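The values are calculated or read from the model by the stated rules, or taken from the named source; none is laboratory data. Because the structure is a prediction, the values reported are computed rather than measured. Cβ coordinates were reconstructed from backbone atoms using ideal geometry, including for glycine residues, and neighbour counts include every protein chain displayed.
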Amino acid sequence: MITRFLRLPALLAVTSLVAATLLGADAPLTIAVIPKGTTHEYWKSINAGAVKAQRELAAKGIAVNIIWKGPLKEDDREQQIQVVENFISQHVSGIVLAPLDNKALVAPVEEAAGGKIPVVIVDSGLQTKLFASYVATDNTEGGRIAARELGKMLGGKGNVIMLRYAVGSASTEERETGFLEVMAKDFPAIKLISTDQHAGATRDSAKTVSENLLNKFGPQVNGIFAANESAAAGMLLALRDAGLAGKVKFVAFDSGETLNDGLQKGEVQGMVVQNPVRMGYLGVLTVVAAIRGEKFEAHIDTGVGFVTKANFDSPEMADMVHPPLDKYLK
């Protein structure tokens, strides 16, 4: 199953007269692509999408230099702010940014806008309107899908844990909201025994939090939802150590090598999957359109799907569960 959503009809056009004057029509554009972190496969997939866009633009005679730089860990707000500010001072042509905090990155993004540097926000929202476009998954709907699927797996009853990701991460907070919304509305007989724990920025921190949860609730838990790749991978490792993998219904948000392996082994029953390759690809195409004064959409929904062992190898899921990293990142 894969769900696609209509893109918003509003089209915007931005003319960058300063860039055209200073750079000339044929000068290469420099695009900074700034992820929340640089270690998870998810962010590498966004990088692959950015390179894909670069190659397609080059084939059309539009020279683009991609600079990929972000914090190592997804909880380093100060480092991500510094990265954005450094690119502003370098007067890059445009920025594609996945803000790791929906408030902390407002000031630098508004600074970029003031400096006539278009910014396209990807993956996760930001509490300002001073960016060119937002390219992301409908994260709230993704959380709803996770709740519907887990609720059906449990037959509408049982005890469920929801493992959050991090405070201030708009994308995962939207997933968590969507999950809780559907659980309350459609599955009143399911008891949510823990919904307030955050996995933190790494798989290791997620595993520690998950171990504590399983030590407390292991004998009574029937189902688990984890809100992103690192949180889900840490939870899966903790389930294995506790001897509960495959015994507890487990739905993850995002895929990855560890989670894909768990799905094949029956330890993960389903994954809500995004298309980060498409996200990075459209992020770069959109910011280039903004720089060149072309039309682009103010909000682009990159789609969300639900993968199980049954449809894991289907063509429509290929880029989501097997992102072509080797093709673009060599």
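Got at least one residue in region 169-180 being surrounded by fewer than 24 Cβ atoms within 10 Å (Cβ to Cβ), over 18 Å from the mean Cα position of the chain (by Cα) and in a helix (DSSP H, G or I)? Yes, some residue in region 169-180 is surrounded by fewer than 24 Cβ atoms within 10 Å (Cβ to Cβ), over 18 Å from the mean Cα position of the chain (by Cα) and in a helix (DSSP H, G or I). Can you pull out every residue in region 30-46 that is surrounded by fewer than 22 Cβ atoms within 10 Å (Cβ to Cβ) and closer than 10 Å to PRO276 by Cα? GLU41, LYS44, listed by residue number. Please work out if ILE161 is among the β-branched types (Val, Ile, Thr), crowded, with 23+ Cβ neighbours inside 10 Å, more than 28 Å from LEU72 (Cβ to Cβ) and out of contact with any Cys (no Cβ under 8 Å at 6 or more places or on another chain). Yes. Contact annotation: no residue pair with Cβ atoms under 8 Å, 6 or more positions apart or on different chains, pairs a residue in region 314-328 that is closer than 11 Å to VAL273 by Cα and exposed (fewer than 14 other Cβ atoms within 10 Å of the Cβ) with a partner that is at pLDDT below 90 and among the β-branched types (Val, Ile, Thr). So is GLY256 within 24 Å of ILE121 (Cα to Cα) and either of a type in the set (Phe, Trp, Tyr) or assigned by TED's automatic domain parsing to the domain that holds PRO118 (or both) or not? In short, no. With respect to (1) closer than 19 Å to GLY151 by Cα; (2) within 18 Å of the chain's Cα centre (by Cα), the lone exception for ALA233 is condition (1). Being at pLDDT 95 or above, touching a Leu at 6+ places or on another chain (Cβ under 6 Å) and outside the structural domain of ARG278 (by TED's automatic domain parsing) is a property that GLY223 has.
Scanning region 141-175 for residues that are more than 23 Å from ASN212 (Cβ to Cβ) and among the polar types (S, T, N, Q) yields one hit, SER171. Scan region 147-165 and tell me whether some residue there is farther than 30 Å from VAL248 by Cβ and without any contact (Cβ under 8 Å) to a residue 24 or more places away in the chain. Among the residues of region 147-165, not one is farther than 30 Å from VAL248 by Cβ and without any contact (Cβ under 8 Å) to a residue 24 or more places away in the chain, which makes the answer no.
With the structure loaded, tell me whether LYS52 is among the basic types (Lys, Arg), at pLDDT 95 or above and touching a Gly at 6+ places or on another chain (Cβ under 9 Å) or whether it fails that test. The answer is yes for LYS52.
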